[in-house]
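Enquirer: One structure, as structure tokens, below. Some questions next.
What follows is calculated from the coordinates using simple rules that are stated; it is not laboratory data. On a predicted model such as this, the values are computed, not experimentally measured, just so you know. No Cβ is skipped: glycine too gets one built from the backbone with ideal geometry, and neighbour counts run over all protein chains shown.
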Amino acid sequence: MKKFRIAIFASGNGTNAERFFTHFRGHPQIEVVLLLCNKANAFVLERARNANIKTEVFDKAQFVSGEVLKILEENSVTHVVLAGFLWLVPGHITAAFPNRVINIHPALLPKFGGKGMYGSKVHEAVKDSGDKETGITIHLVNEQYDEGKVIFQTRTNVDEGDSPEDIAAKVHALEYEHYPKVVENWILKAESTRG
Ligand code: GAR
């Protein structure tokens, strides 16, 4: 069994989750052991099955009652990664994984964050704002939407004629380039500075 065991939570397409499956395949210390999803028909489940990653589908009651935490514990999960996950994570899960629940947001927080700000809604809001740049934010998860400590941000230009879809494509490219690597560094750095 490898030392660090990641569970990924995702709700939809799962292109970021798939980058994690690929990035950590064959890694000496870190492996993705589980994909948890709150939607039974989400395409991310198919991506996980194709990558031979174990999947679990859960509902809100299981999430808030502690059943999902039990699944994490049974699988000896050490870190939780949110990759396009829609629900607020309950406090008993963030408490069980201090500094070990990580999210990506497809904009430069604190702008364009909070409840309901998800995927294309974020890019539409960026377009409507007239901002000349956007980017990604990778942050620790606490009990508020999009408010935990920021680990990493990087930017991209929003050009005059960019549609929300164009913005999404630029942001996704940044996500793929950075998210698995930033999580890898976060896990290994925390380990090297402990005790
Ligand atoms: C990603 O862009 C991620 O940053 C965003 O959802 C997308 C999921 O795409 N997350 C949020 O908006 C969280 N508030 P994917 O399913 O193809 O990885």
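Enquirer: Can you tell me how many residues in the stretch 23-47 are without any contact (Cβ under 8 Å) to a residue 40 or more places away in the chain and assigned to a helix (DSSP H, G or I)?
Expert: Selection size over the stretch 23-47: 4.
Enquirer: What number of residues in the stretch 155-180 are more than 15 Å from the ligand (Cβ to nearest atom) and either under 20 Å from His79 (Cβ atoms) or not in a strand (DSSP E or B) (or both)?
Expert: 6
Enquirer: Looking at the stretch 66-107, which of the residues that are out of contact with any Lys or Arg (no Cβ under 6 Å at 6 or more places or on another chain) and at positive phi is nearest to the ligand (Cβ to nearest atom)? Quick ask: steps written out before the conclusion?
Expert: Start the filter on the stretch 66-107 by keeping residues that are out of contact with any Lys or Arg (no Cβ under 6 Å at 6 or more places or on another chain), which leaves 66-75, 80-107.
Filter once more, keeping what is at positive phi: 66, 84, 99.
Values: Gly66: 24, Gly84: 3, Asn99: 19 Å.
Among them, the one singled out is Gly84.
Enquirer: Please go through the stretch 1-27 and give me each residue that is more than 6 Å from the ligand (Cβ to nearest atom) and of a type in the set (S, T, N, Q), ordered by number.
Expert: Ser11, Thr22
Enquirer: Quick one: in the stretch 109-126, of everything that is more than 13 Å from Thr137 (Cα to Cα) and basic (Lys, Arg), which residue is farthest from the ligand (Cβ to nearest atom)?
Expert: Applying the filter and picking the extreme gives Lys115.
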